[in-house]
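Worksheet: the structure to be examined is printed underneath.
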Amino acid sequence: MSDAIDTASKIQAQLLAQWLQKAGRQLNPAFPACIETKYLAESSGERVRSMKVSTLTGCITGIVMTPLLWWLMPDIHPVILGLWLATALPVALLCHATLWTRLPLVWQEWQLAACCLAVGACFSRLMASSAFAHPSLYVGGMVLLILVDAIGGALRFRPVLVVVGGQMALFIITVPHLPNIDGLTSLALIALMTNVAAYALFGNWRLETEIRRSYALALRERTARQDLARHNVELDELAGRDALTNLANRRTYDRWLQAHWTRALHRSSAVGLVMIDVDYFKAFNDYYGHAAGDSCLQAVASCMREQSRGLTDQVARVGGEEFAVLLPGLNLEKCGDVAERLRAAVAAMELPHLGAPRLGTVTISCGVASVVASGATTAATLFAAADAALYAAKQAGRNCVRLGECRHAGEAALG
């Protein structure tokens, strides 16, 4: 899993580096597909908010313009009622309402683009229908539409390119039909509007490119921090693992013991501990060699890991052939049952051990202790009791389990 994450992170970093090298020289500033999906997901909220403001502002502007249109163009009152009040404004209001739904961002962008073209078409039709239409009103209105569509609507470059191109087409078609406009004036107005459209497109492209550049840099830094944090966690895990058996090492065991003890102290609950020693392990090394000894420890560790209960039992290698199992919340009797299960499982493997007197196979000895955490006891008390019980198991002939007794202030602490 970690290797897959590292590979994905490296691929993303390479794609970001390639995009940043080309940023500012691409007509369409879109990211590669995998990054574009992430970018849209993370920026959609802000984009939709901007589109809501833009459409709401457009609706208010359209309502405010209605009396002005009514006063300036008395010859087309029915057209204003049918085309502006009954078509353009309802389309804009519907577009604004749709932005409050959970439609995908791409759909919302293109429906806003369609709305902008519809409003532009209605406005152009009104101006071409009246003998009183003033060119300055039409030019000003179209300039406002193009600038709002290109910069204020937070649309990406492709939808803006379609909208601005559509508005320019409407302008070119409508200008010759305005009253008192000759051919030369039409060309001058079209040239003026072409410049406005070009600057609007450039402004949208530049703004979109810079927003994406900032996002790419932030994403690269965020990914680097995440990679560093993940690697630090992995290094910490490696530092807390025994290289031979892949169990927790003594450092991790000490941290576990202190953490469980502190938790048990707050809850006045028990903490159990099983100390384990591989019987006659020095003799095993002398008879079979150190390589076989390492294999033996790995087999014993694997057996104990399989017999443990996952997150509740925490197994660690605390010395050469010494292991410990922490059993939070268990009393002495239940800890003894766990120890016996471990002892029996190791014995059942029947690993040959001809260097062991009388036994003939690899076995373990277990010392068990459990104590209710209180102000009168410490984690050292628990460890001392389990260690003393392990010594008693060795004295009793090994391959057995012995229960220890935790004492504090001269009294036995119940396990």
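The values are calculated or read from the model by the stated rules, or taken from the named source; none is laboratory data. Since the structure is predicted, the reported quantities are computational estimates derived from the model, not experimental observations. As a convention, Cβ positions derive from the backbone with ideal geometry for all residues, glycine included, and neighbour counts pool all protein chains shown.
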What single numbered condition from (1) among the hydrophobic types (A, V, I, L, M, F, W, C); (2) within 32 Å of the chain's Cα centre (by Cα); (3) in a helix (DSSP H, G or I) fails to hold for ALA191? (2)
Residues that are in a loop (DSSP other than H, G, I, E, B) and surrounded by 16 or more Cβ atoms within 10 Å (Cβ to Cβ), drawn from the stretch 125-151: SER130, ALA133
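Report yes if ARG241 is in contact with a helix residue (DSSP H, G or I) (Cβ under 9 Å, 6 or more places away or on another chain), farther than 30 Å from HIS134 by Cα and without any contact (Cβ under 8 Å) to a residue 12 or more places away in the chain, otherwise no. Steps first, please.
Numbers: in contact with a helix residue (DSSP H, G or I) (Cβ under 9 Å, 6 or more places away or on another chain): yes; farther than 30 Å from HIS134 by Cα: yes; without any contact (Cβ under 8 Å) to a residue 12 or more places away in the chain: yes.
When the stated conditions are applied, ARG241 passes them.
Only one residue in CYS95, CYS116, CYS122 is at pLDDT 90 or above, touching an Asp or Glu at 6+ places or on another chain (Cβ under 8 Å) and part of a helix (DSSP H, G or I). Which one? Steps first, answer last, please.
On the way: CYS95 fails: touching an Asp or Glu at 6+ places or on another chain (Cβ under 8 Å); CYS122 fails: touching an Asp or Glu at 6+ places or on another chain (Cβ under 8 Å).
After ruling out the rest, the residue left standing is CYS116.
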Filtered residues of the stretch 16-49 (kept if surrounded by 15 or more Cβ atoms within 10 Å (Cβ to Cβ) and either basic (Lys, Arg) or outside any loop (DSSP other than H, G, I, E, B) (or both)): LEU16, TRP19, ILE35, TYR39, LEU40, SER43, SER44, ARG47, VAL48
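Find the strands (runs of 3 or more DSSP E) located wholly in the stretch 299-398 whose residues include 3 or more that are in contact with a helix residue (DSSP H, G or I) (Cβ under 6 Å, 6 or more places away or on another chain) and at pLDDT 90 or above, and list them. Working first, answer last.
Details: elements: 314-317, 322-328, 364-372.
It comes to 322-328, 364-372.
For every residue, the table says whether it meets (1) in contact with a Phe, Trp or Tyr (Cβ under 9 Å, 6 or more places away or on another chain); (2) surrounded by 14 or more Cβ atoms within 10 Å (Cβ to Cβ); (3) among the small types (Gly, Ala, Ser); (4) assigned by TED's automatic domain parsing to the domain that holds GLN18.
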| site | (1), (2), (3), (4) |
| --- | --- |
| ARG220 | no, yes, no, yes |
| ASP242 | no, yes, no, no |
| GLN258 | no, no, no, no |
| TRP261 | no, yes, no, no |
| ALA264 | no, yes, yes, no |
| SER268 | no, no, yes, no |
| LEU273 | yes, yes, no, no |
| VAL278 | yes, yes, no, no |
| PHE281 | no, yes, no, no |
Go through ARG206, ARG212 for me and flag whichever is in the same structural domain as TYR138 (by TED's automatic domain parsing), part of a helix (DSSP H, G or I), surrounded by 18 or more Cβ atoms within 10 Å (Cβ to Cβ) and not hydrophobic (A, V, I, L, M, F, W, C). ARG212
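I'd like to know if the stretch 295-314 contains one or more residues that are closer than 18 Å to PHE383 by Cβ and of a type outside the set (Gly, Ala, Ser). If you could, list the steps in order and put the result at the bottom.
Filtering the stretch 295-314 down to residues closer than 18 Å to PHE383 by Cβ leaves 313-314.
Those left that are additionally of a type outside the set (Gly, Ala, Ser): 313-314.
The answer is yes; a qualifying residue exists.
Could you tell me whether the stretch 197-219 includes any residue that is of a type in the set (Phe, Trp, Tyr) and without any contact (Cβ under 8 Å) to a residue 60 or more places away in the chain?
So far as the stretch 197-219 goes, yes, one or more of its residues are of a type in the set (Phe, Trp, Tyr) and without any contact (Cβ under 8 Å) to a residue 60 or more places away in the chain.
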Going residue by residue through the stretch 103-121, is there one that turns out to be without any contact (Cβ under 8 Å) to a residue 60 or more places away in the chain and of a type in the set (Val, Ile, Thr)? no
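Quick test for you: out of ALA88, ALA13, pick the one residue that is touching a Lys or Arg at 6+ places or on another chain (Cβ under 7 Å) and surrounded by 13 or more Cβ atoms within 10 Å (Cβ to Cβ). Write out each step before concluding.
Numbers: ALA88 fails: touching a Lys or Arg at 6+ places or on another chain (Cβ under 7 Å).
Of the residues listed, the single one that is touching a Lys or Arg at 6+ places or on another chain (Cβ under 7 Å) and surrounded by 13 or more Cβ atoms within 10 Å (Cβ to Cβ) is ALA13.
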Checked pairs for the stretch 384-405, first outside the structural domain of ILE364 (by TED's automatic domain parsing) and of a type in the set (Val, Ile, Thr), second buried (at least 16 other Cβ atoms within 10 Å of the Cβ) and assigned to a strand (DSSP E or B), C-beta under 7 Å and 6 or more apart or across chains, list as none
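Select from the stretch 98-113 the residues that are part of a helix (DSSP H, G or I), of a type in the set (A, V, I, L, M) and surrounded by fewer than 20 Cβ atoms within 10 Å (Cβ to Cβ) and list them in ascending order.
Let us first name the residues in the stretch 98-113 that are part of a helix (DSSP H, G or I), namely 98, 105-113.
This time we only want the ones that are of a type in the set (A, V, I, L, M), so: 105-106, 112-113.
Residues satisfying the conditions are LEU105, VAL106.
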Restricting to the stretch 152-171, name every residue that is surrounded by 15 or more Cβ atoms within 10 Å (Cβ to Cβ) and free of Cβ contacts under 8 Å to residues at least 60 places away in the same chain. PRO159, VAL160, LEU161, VAL162, VAL163, VAL164, GLY166, GLN167, MET168, LEU170, PHE171
Residue satisfying all of: in the stretch 194-203; under 14 Å from MET142 (Cα atoms) and surrounded by fewer than 13 Cβ atoms within 10 Å (Cβ to Cβ); nearest to the chain's Cα centre (by Cα) among these: ALA198
